[in-house]
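The values are calculated or read from the model by the stated rules, or taken from the named source; none is laboratory data. All values derive from a computational prediction rather than experimental measurement. Note: ideal-geometry Cβ built from the backbone for every residue, glycine included; neighbour counts use all protein chains shown. Note: accessible area is taken over every heavy atom of the protein model, side chains too, but ligands, DNA and RNA are not part of it. Shrake-Rupley method; radii C 1.70, N 1.55, O 1.52, S 1.80 Å.
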Amino acid sequence: MQSGYSAHIAPGEWRWVIVFGVGLVLLAFTPFVLMLVGGIAASDWQFMGVLHNYRDGATYLSKMFLGTQGKLMVQFLHTPEPHNPALIQVLYPLLGQIAGFTNISTIVLFHVARVISGVFMYMALYQLGALIWMRQRARRVFFVVAALGAGFGWIYVLVSGGRVDAPDLSIPEAFPFYSTVVNVHFPLTLACLALLAGVVISTFRPGVNSTPQINNGGLTAALASLALALLYPQALVPFGAALAVFLGIGWLRRRRVDRRELSWLLVIALPAVPLAVYYAALVAFNPAIAEWNRQNVTAAPPPLALLVGLGLPLLLGLPGIVRALRRFEADGDRFMLLWLAAMLIMMYLPTNIQRRFAVGMMIAIAYFATRSLEDFWFQRINRRWRYRLALAVVPVMFFTQLFVLFTPVLPVLIGRPADSHGLLLDRGYAAAFRWLGDRTALDDVVLVGPAGGVWLPGWAGARVVYGHPYETLQAETRYQQVMDWYSGRAADCAALLDQYSVAYVIRGPDEAVLGESPCFDDLTPVARFGRVSVYAP
C-alpha cells in the first residue's frame, strides 16, 4: 500500500487528533485565565459563570438548576408565571441532575461538559475525514479547515461600524471551534452531524450495497438522529432534505425505489419523527412554548455578510464546488453539495429561525476546500511552497475565531471591567443571589433589574419578572414594567408586586442607575450585601 494511505485511523493519528483537540479546548479557556491574571478575583466585580453569549448561557444554568431539583422537564425561570413544562433542551436538566448527585457546582460542570463535548466533536470530525479520504494528509487538511476555518468577520466588524451579523461573529453553531466556547450542545450537535454525514457518505458510495445493521453504521445513524432531535432538531431539516433529494435523484434515474436505500433513509428519519410531532404539539398547545417560539427570532445575515463570514474556506472550496456542480457524481460530492445548498436555501426562507439552519455549514465547506486543495490547488502550487502558504493561510482563517474568543475579556485586561458589565456584576449581587437561593423555591418571584435578572434564576433557582428577551414571556411588556418600577414611572408601586406575587425585591448599583424609585418606601429591608440590598414587600 502506498505510504501515507490507510483505510483506518492509526493510533498515531488518534494521538495527533486528541493532542490537537485538547489544545484547542484549552485555548478556548484561555480568556478565563486572563481574567484571573487581570485581577478580576480581587476586584469588586464578580464573573457570573459564562463568558460568550452570556445571556443564553445564563438560561442553560437555570435549566441545570432545575435538574439539581430532580426536574427533567423544562420551565422558563426567566419569566414570572408558572407554566406547563416541556421536554426541550433536555441536556441541561440532565447535567443538573449529575451536578446534584455529585455535589459539583453547576457552573463548573457546565464547563467540564464543554471540554468533553469539544474533544468528542474534534474526534468525530476526524472520523468523518477518515471515512472520506484514505490519505492522511487530506484527513488532516479537512480537520484543520473544519475546526479552525472562519471568514473575515473581524474586518467586517471594523469597516461596518460595529455590525456583528457576519456568521463567524454571530452563528457559533456553524463553526466548530466557535461552538466550543459558547455551550455544550453546539459541539455535540456538530459531532452528531459529522457522524451522520460519515454514515451517509460511506453507505451511499457507488458499489456499496449494505443494509442497516448494528455494526455497519445503522445503529450510529439512528442514535445520531435521535440525539440531534433532542439537542438541535433544526439541524435535521436541511440534512434530511439533502438526503431525501440525494436518494430521490437516484430513484428517478433508475425509475424505481431502492429498498436498501429506503431502509437507510428510514433508519435516519424515524428516530426523530416522534420528537418532531411532540415539538409541533408543544407549539400548538403549550402557550408558553408558543410565545417562546414567537419571540425566538434568529434572522439570517445579509448575503454579503454571509460570504464575508465564510471567507477563505469558501474561496479555497470554490473549485471543488464547481466540479461537484458539473459532474454531480453520486458520491460525497453530490450529498455535500445538496446539504450545503439546503442550508443556504433554508436560511433565507421566511421563518423566525433562519440562522439555526446554518448549523454544520463549515463541515460542508471544509469538505469542498479539502477536495479543492487535493485536486486543484496542490496541483498548481510548487511542493516547497505548500507548507509556507499553509503557515499564512491557517492563521488568516482562524483569526476571527481568536478575535471572538478574546474580545469579551479585553475590558478586564485594560483595566475597564465596567465595559464587560453583564457578564460581570457587582459582587454584592452574587452574595444576594446565594442568600436568596436558601430562602426561595422555584415558583417564588424576585424583582431585580434586567442585568441581574439574567443571572438570578441560575444562581438562586427563583423566577424573575424580566430576565431574557426570549425566555421571559411577553418580554417587551415585562421589560418595560421593570424599567418603569425602578425609574419611578410606575403609577402604582404595589400593582407589579401583586400581579406577580413578588417575594423579594433587589436594589443595587444596576437598579440605582435606572432611577430613584419611591416604591422602596413601602418595602422592608431584610438583607444587605455591600452595595446590594434585598427587600420584602
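Enumerate the pairs (first residue in the range 408-429 and over 16 Å from Pro31 (Cα atoms) and crowded, with 20+ Cβ neighbours inside 10 Å; second residue anywhere and among the basic types (Lys, Arg) and at pLDDT 95 or above) with beta-carbon separation below 7 Å, excluding pairs fewer than 6 apart on the same chain, so at least 6 apart or on different chains.
Asp426/Arg531; Gly428/Arg531
Residues that are under 30 Å from Pro85 (Cα atoms): which helices (runs of 4 or more DSSP H) entirely in the range 229-348 hold 1 or more of them? Quick ask: steps written out before the conclusion?
Details: elements: 236-254, 259-269, 273-285, 287-295, 303-327, 332-347.
Filter on the range 229-348 gives 236-254, 259-269, 273-285, 287-295, 332-347.
Test Gln481 against the stated conditions and say whether it is among the polar types (S, T, N, Q), surrounded by fewer than 18 Cβ atoms within 10 Å (Cβ to Cβ), farther than 16 Å from Leu61 by Cβ and at pLDDT 95 or above.
For Gln481, the condition - among the polar types (S, T, N, Q), surrounded by fewer than 18 Cβ atoms within 10 Å (Cβ to Cβ), farther than 16 Å from Leu61 by Cβ and at pLDDT 95 or above - is not met.
If you take the residues in the range 305-335 that are open to solvent by less than 60 Å² (accessible area, probe 1.4 Å) and free of Cβ contacts under 8 Å to residues at least 40 places away in the same chain, which one is farthest from Phe398 (Cα to Cα)?
Among residues in the range 305-335 that are open to solvent by less than 60 Å² (accessible area, probe 1.4 Å) and free of Cβ contacts under 8 Å to residues at least 40 places away in the same chain, the one farthest from Phe398 (Cα to Cα) is Phe328.
So is Gly452 in contact (Cβ under 8 Å) with a residue 40 or more places away in the chain, crowded, with 20+ Cβ neighbours inside 10 Å and under 30 Å from the mean Cα position of the chain (by Cα) or not?
yes
Name the residues in the range 328-348 that are on the phi > 0 side of the Ramachandran plot and under 26 Å from the mean Cα position of the chain (by Cα), would you?
Within the range 328-348, none qualify.
How many residues does the range 456-473 hold that are in a loop (DSSP other than H, G, I, E, B) and small (Gly, Ala, Ser)?
Within the range 456-473, residues that are in a loop (DSSP other than H, G, I, E, B) and small (Gly, Ala, Ser) number 3.
Yes/no matrix, rows are residues, columns are (1) of a type in the set (D, E, K, R); (2) within 23 Å of Ala305 (Cβ to Cβ); (3) out of contact with any strand residue (DSSP E or B) (no Cβ under 9 Å at 6 or more places or on another chain):
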{"residue": "Gly129", "(1), (2), (3)": "no, no, yes"}
{"residue": "Val144", "(1), (2), (3)": "no, no, yes"}
{"residue": "Leu148", "(1), (2), (3)": "no, yes, yes"}
{"residue": "Phe175", "(1), (2), (3)": "no, yes, yes"}
{"residue": "Arg205", "(1), (2), (3)": "yes, no, yes"}
{"residue": "Ile214", "(1), (2), (3)": "no, no, yes"}
{"residue": "Ala227", "(1), (2), (3)": "no, no, yes"}
{"residue": "Leu231", "(1), (2), (3)": "no, no, yes"}
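Can you tell me which residue within the range 25-50, out of those that are surrounded by 20 or more Cβ atoms within 10 Å (Cβ to Cβ) and aliphatic (A, V, I, L, M), is farthest from Gly422 (Cα to Cα)?
Val25
Do we have any residue at all in the range 489-502 that's without any contact (Cβ under 8 Å) to a residue 12 or more places away in the chain, closer than 19 Å to Ala462 by Cα and of a type in the set (D, E, K, R)?
yes
Test each condition in (1) open to solvent by 40 Å² or more (accessible area, probe 1.4 Å); (2) among the charged types (D, E, K, R); (3) closer than 27 Å to Phe246 by Cβ; (4) assigned to a helix (DSSP H, G or I) for Glu173 and report the one that comes out false.
Unmet for Glu173, out of (1) open to solvent by 40 Å² or more (accessible area, probe 1.4 Å); (2) among the charged types (D, E, K, R); (3) closer than 27 Å to Phe246 by Cβ; (4) assigned to a helix (DSSP H, G or I): (1).
Condition (residue is under 30 Å from His78 (Cα atoms), modelled with pLDDT of 95 or more and not polar (S, T, N, Q)) applied to the range 301-321: is it met by at least one residue?
yes
Is at least one residue of the range 107-117 within 15 Å of Glu13 (Cα to Cα), out of contact with any strand residue (DSSP E or B) (no Cβ under 6 Å at 6 or more places or on another chain) and surrounded by 19 or more Cβ atoms within 10 Å (Cβ to Cβ)?
No, the range 107-117 contains no residue that is within 15 Å of Glu13 (Cα to Cα), out of contact with any strand residue (DSSP E or B) (no Cβ under 6 Å at 6 or more places or on another chain) and surrounded by 19 or more Cβ atoms within 10 Å (Cβ to Cβ).
Quick test for you: out of Gly151, Gly217, Gly161, pick the one residue that is buried (at least 22 other Cβ atoms within 10 Å of the Cβ) and modelled with pLDDT under 95.
Step by step, each of Gly151, Gly217, Gly161 is checked, and only Gly217 is buried (at least 22 other Cβ atoms within 10 Å of the Cβ) and modelled with pLDDT under 95.
Assess whether Val464 counts as being closer than 26 Å to Met48 by Cα, β-branched (Val, Ile, Thr), under 34 Å from the mean Cα position of the chain (by Cα) and open to solvent by less than 50 Å² (accessible area, probe 1.4 Å).
Yes: the conditions hold for Val464.
Please state which of the following conditions Leu270 fails to meet, knowing it meets all the rest: (1) of a type outside the set (Ser, Thr, Tyr); (2) farther than 22 Å from Tyr122 by Cα; (3) open to solvent by less than 40 Å² (accessible area, probe 1.4 Å).
The failed condition is (3).
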